[in-house]
Amino acid sequence: MTFIEILLIAVCLALDAFAVSLAAGTKASTRGFRPTFRLSFHLGLFQFLMPVLGWFVGVKLDHLIGAVDHWIAFGLLAFVGARMVRAGWDGKPEAQPDDPTRSYTLMVLCVATSLDAMAIGLSMAMLQVSIWYPAVVIGVVTSGLSLVGIRLGNGLGNTFGKRMEMIGGLLLWLIGLRILGAHTL
């Protein structure tokens, strides 16, 4: 595989993480260095690890995971998206803001956006392509695009407030539906 091919794969895989970062960036809790670093680092880390995992798992579990990975990703994104829409719809300030860069929400977002990367790892194993270099490129590109998405979301959140949080939640639903549609049509 050439660098350009790997880069194109990395950008395509990173688009979901970018959109999730954009949506998460609309929340006040994602402003600042630490939450920005946490989200972009973990999204990139998962996008690095999942192809490696897919590579090692290889053909053994492809028939099990491949049949339901899109449903898992949709369910996870729909759950987080519904919480964001509800928080934005409420209209009153949150007593304890839900921080998408911490705890189970962070893990849900990371897993939901990186399931496709596992499939890429499986594909590379079948093509007998070494996984390490592509996995590093995928992780770095994802972290970079996630950082850009968070910063853009921060600006939109500052300008539009809670309405932008609702839009972010709906965006997560649309990403989930796109994943679902791509695998079921």
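All of the numbers you see were taken from the coordinates with simple rules; none came from a lab. Small disclaimer: the values here were computed from a predicted structure and weren't measured.
Here are a few things to note about the model shown:
- The phi torsions of the range 34-46, fed into the Karplus equation with coefficients 6.51, -1.76 and 1.60 and a -60° offset, translate into couplings of 4, x, 5, 4, 4, 5, 5, 5, 5, 4, x, 4, 5 Hz, rounded to whole numbers, with Gly and Pro shown as x.
- A straight line joining the Cα centroids of the range 17-49 and the range 105-140 runs 17 Å.
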